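What follows is a single structure, written as structure tokens, with notes after it.
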Amino acid sequence: MVGTLFLAMLPFRPVAFLDQPIDAEVRKGIEVYRAGKGLDRVLQDDKAVVRTRLVRLSTEELERVVWLSPSLVSRWLGYLWAQEKWPDGELERRWKDLQGSLDGRLTFVVELASYPRDKGSRSLEAAFQPDSTWEGLEFLLTANGSRLPMAPGPSGLLGLSRAPRGGEATPWTHRALRIVPDITRFASMKAREPIRLGGLAWVAQTLLAPWLEPRAGSGWAEPLAPLGEYEKAWFLVQAPVPAGIHGYGDLQVRVLSKQSERCASFELLAKGRKK
């Protein structure tokens, strides 16, 4: 309890999974349930939408990045505790199990889509060229909003080269972080029509399902005929927490392909704190 109260006073968002869930975030998850809202509403600032499409007069989220942060996991467990009426100690037990899998790492779930062009539409999204394969994707974690450079500098820092007087060219560093994470594609789906699943349906396909999937199920449903031009894929993106991460203002998850660059940005400072 003392540790979670201390976290609430810090000017940055926690990245470490301590021995106890974050009490204030657990309470937020409980409040989401008691307000009659769905589990996906616990995502809050830990979800970034990287691509949408226009459907009639409304906007549909097509691609998302979810950060499995200590704050999100605390809210998630708080919601399930309230919904499923867990016995005493169950929430703490699940947190302890998840701590072993998530502590010391930055963990994201990236949901990508490859849809055919809508030839009858004049919207910019209709001109998006779908990825023909998931194999050519490049994933990066970057910090401080820096643009990707032509080449990496020393110690994982990015920069441009400048030659000092009488010396060999050395990189300028921008204090920008570049990490190549570990990637696992853990689920994919094809269909003859747009794929519409709940925002957290993917959890059923991960190793975290025993702790995070609702008892009633997550809503994952395979199409009767797994064929067609509409395709989605889900990736687990993980990297060790870099030293001094809170010296950066934000963190980006970038997905690069021949057709496009997706970029999801997450603030590292707590709400109400200025950079």
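Where a number appears in this text, it was derived from the coordinates with a stated rule and is not lab data. Computed from a predicted model, the values in this text were never measured in an experiment. Note that each Cβ is placed from the backbone with ideal geometry, even for glycine, and that neighbours are counted across all protein chains shown.
Each other residue within a Cβ distance under 9 Å of LEU141 adds +1 if Lys or Arg and -1 if Asp or Glu, for a net charge of +2.
Within a Cβ distance under 9 Å of SER188, other residues only, what is the Lys/Arg minus Asp/Glu net charge? Can you show the working numbers first?
Values: positive: ARG185, LYS190, LYS232; negative: GLU231.
That sum, taken over residues with Cβ under 9 Å, equals +2.
What you get for region 39-116, charging only the Cβ of Lys and Arg (+1) and of Asp and Glu (-1), is a dipole of about 200 debye around the Cα centre.
Dividing the convex hull volume of the alpha carbon atoms of region 70-113 by its residue count, what do you get in Å³ per residue?
Each residue corresponds to 90 Å³ of Cα convex hull volume.
Give me the net charge of TRP211's neighbourhood, meaning all other residues with Cβ under 13 Å from the Cβ of TRP211; Lys, Arg count +1, Asp, Glu -1. Taking every Cβ under 13 Å from that of TRP211, the sum is -1. Mean projection of the Cα convex hull over all viewing directions, computed for region 1-114: 8.8 nm². Scalar couplings 3J(HN,Hα) for region 40-55, obtained by applying the Karplus form with A = 6.51, B = -1.76, C = 1.60 to θ = phi - 60°, are 5, 6, 7, 5, 6, 6, 9, 10, 10, 8, 9, 7, 10, 9, 8, 10 Hz; x denotes Gly and Pro.
Each residue of region 248-259 was assigned a 3J(HN,Hα) from its phi angle through the Karplus curve 6.51 cos²θ - 1.76 cosθ + 1.60 (θ = phi - 60°); the sequence is 9, x, 7, 9, 10, 9, 10, 10, 10, 9, 5, 8 Hz, with glycine and proline shown as x.
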